[in-house]
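Okay, so here's the structure we're looking at.
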Amino acid sequence: MRMVFRWFGEGNDQVPLQHIKQIPGVEGIVWALHDIPAGEPWPTDRIKEVKQQADQFGFHIDVVESVNIHEDIKLGLPTRDKYIKHYITTIKRLAEVGVKVVCYNFMPVFDWTRTELFEKLGDGSTALFFDNEKIKDIDPMELVEKISSNTSVTMPGWEPERLKSLAKLFEQYEHVTEENLWSNLQYFLEKVIPVAEQHDVKLAIHPDDPPWSVFGLPRIMKNRDDVERLLNLVSNPYNGLTMCSGAFGADPKNNVPDMVNEFIDRIHFAHIRNVKNKGNKSFIETSHRASDGSVDICDVVKAYHENGFTGYARPDHGRHIWDEKCRPGYGLYDRALGIMYLWGIWDSLERSKKVEA
């Protein structure tokens, strides 16, 4: 398991690289050019600038999260070929600096949804929360304003240029079915995966978050069957998965350790986090500790370990603790605690393996 840490860039992240460097076992940063609109090719000079920043601290930049997909590709519009060409250009440029994995998603409009960014937990910390009762009655634009007003930093998936045309987007998706979305994803992958393989860059789709329809929008990466279908759309090892234990774990029907065991050969990137299911499709994010949530993180890590996983992994969203002022879900303290919890499980499994031998 190769531990990495998500970093939002110079001037856009309250967590500096020198602090990330002090977390044991972290070897690279997970990054993106968050100010580049979806569909636009990433400039080579900007890509090299991030590499130079990472090099100063001995970090690699092997994993990018995310290269966002333009809505015209998801909608299957005639303009999609232009944006697919731009996507391919970005992949080629990323390969030039050694990028090995690109995380992306195929969620319409929003790439994650929560009703609260700072819901209080019993210990006084706060965390991201999805209240299914609230989402039923809230207007999407009202939620956008709420998310935007809660933070002064960029929020991935809630970029202003995407949300300013929200009404038009909902109108465009009105008659788009899940089958339409599957067809458009296949079209995209058939164009992009051969180029990705040629340049040794693996694509790793992120599951829907949460893994069900929100605001009536189609969702196609919700469960084990969806993953199997995705991997068969283009049967190529460069067409793979970002296995997010929190996104899949929000649905109690998803058995995350079993999914890890089944799809291990196509998991190119692991997001390991915990959620507490509150019933009726409501959930709150918790510490990484297995007993604090509904996902058995010990069994998740055990599945990776037993399968000899050598891919990239990161702690995913953390709580906001010790009065840290940070981007929602992405403070330093709780993610660092999460890393040490994951390493503790991993090291114990390693020790047991040596004893058995």
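Here, each number is a calculation from the coordinates, and none is a lab measurement. All of these numbers come straight from a predicted model, not from anything done at the bench. Reconstructed Cβ throughout: ideal geometry from the backbone, glycine too, with neighbour counts over all protein chains shown.
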| query | Of 342, 332, which residue is buried (at least 21 other Cβ atoms within 10 Å of the Cβ) and more than 20 Å from residue 117 (Cα to Cα)? | reply | 342
| said: When you check residue 288 against the structure, is it touching a Phe, Trp or Tyr at 6+ places or on another chain (Cβ under 7 Å) and not small (Gly, Ala, Ser), yes or no? | reply: yes
| message | Looking only at residues that are within 19 Å of the chain's Cα centre (by Cα) and not in a helix (DSSP H, G or I) in segment 78-104, which one is nearest to residue 39 (Cα to Cα)? | response | 104
| query | Given the conditions (1) over 22 Å from residue 330 (Cβ atoms); (2) touching a residue at least 24 places away in the same chain (Cβ under 8 Å); (3) among the small types (Gly, Ala, Ser), and given that residue 246 satisfies all but one, which numbered condition is not satisfied? | reply | (1)
| field | Only one of 229, 273 that is surrounded by fewer than 22 Cβ atoms within 10 Å (Cβ to Cβ) and either among the basic types (Lys, Arg) or more than 26 Å from residue 339 (Cα to Cα) (or both) | value | 229
| query | Taking the stated definitions as given, is residue 283 over 22 Å from residue 26 (Cβ atoms), among the aromatic types (Phe, Trp, Tyr) and either in contact with a strand residue (DSSP E or B) (Cβ under 8 Å, 6 or more places away or on another chain) or assigned to a strand (DSSP E or B) (or both)? | reply | yes
| query | Can you tell which of 123, 131 is surrounded by fewer than 18 Cβ atoms within 10 Å (Cβ to Cβ), farther than 30 Å from residue 53 by Cβ and either more than 20 Å from the chain's Cα centre (by Cα) or basic (Lys, Arg) (or both)? | reply | 123
| said: Cβ-Cβ distance below 7 Å, separation of 6 or more or different chains: which pairs start in segment 127-145 with a residue that is under 14 Å from residue 110 (Cβ atoms) and end on one that is buried (at least 18 other Cβ atoms within 10 Å of the Cβ) and acidic (Asp, Glu)? | reply: 128/285
